[in-house]
1. Given Val65, Val73, Val81, Val57, which one is under 22 Å from Pro108 (Cβ atoms) and free of Cβ contacts under 8 Å to residues at least 24 places away in the same chain?
2. Test Glu8 against the criterion of being of a type outside the set (Phe, Trp, Tyr) and over 11 Å from the mean Cα position of the chain (by Cα), and give yes or no.
3. Just checking, which of His14, His47, His41 is on the phi > 0 side of the Ramachandran plot and more than 13 Å from the chain's Cα centre (by Cα)?
4. Give me the residue from region 102-129 that is part of a loop (DSSP other than H, G, I, E, B), crowded, with 17+ Cβ neighbours inside 10 Å and not aliphatic (A, V, I, L, M) and, out of that set, modelled with the lowest pLDDT.
5. What number of residues within region 1-33 are buried (at least 16 other Cβ atoms within 10 Å of the Cβ) and among the small types (Gly, Ala, Ser)?
6. I'd like the full set of residues that are under 18 Å from Gly9 (Cβ atoms), among the acidic types (Asp, Glu) and not in a helix (DSSP H, G or I), limited to region 20-71.
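The values are calculated or read from the model by the stated rules, or taken from the named source; none is laboratory data. Keep in mind that what you see is a predicted model, and the values were worked out from it rather than measured. FYI the Cβ positions are ideal-geometry reconstructions off the backbone, even for glycines, and counts take in every protein chain you see.
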Amino acid sequence: MVNVAELEGITSHHIEQLHTQGIHTTGQLLERSATATERMHLADTAHLDLSQLEELVHMADLCRVADITQAHVRQLYDIGVYSIPKLAYRRPATLYEQLAAQSPRHHPSMVQLEAYIAHAKRLKKMLHH
């Protein structure tokens with residue numbers, strides 16, 4: 001599990017509000033926000049904007065992939081890969097092209113993408129919409 005404070009783009013306010021709800025890891029965040037109803041409830045009780053919370057939840061989902069970096073999680077999220085199922089069914093070459101176009105110098109290698117996708121295919125779906 002990754003500490004929620006390590007999620008790329010998370011603010012100190014988000015960290016504090018999640019901690020007040022007993023959420024310190026990405027695993028805890030996913031457990032408490034698996035459904036849309038749970039995410040709405042958590043956003044309300046933690047006094048967080050729902051869209052910002054959903055972004056954090058989706059990035060936490062991608063953190064389940066073995067050896068993925070926070071920078072790669074952010075890059076995947078930014079091109080529309082929001083969840084494990086979305087990653088699992090992407091073609092590595094297409095994904096590589098999209099990431100290279102977004103960030104020509106700093107993106108996952110083809111080998112890393114193939115490993116991320118292979119691992120994503122073995123993970124169970126945790127988020128439901």
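1. Only one candidate passes the filter, namely Val81.
2. no
3. His47
4. Top of the filtered list is His107.
5. Looking only at that region, the number is 2.
6. Scanning region 20-71 gives a single hit, Asp49.
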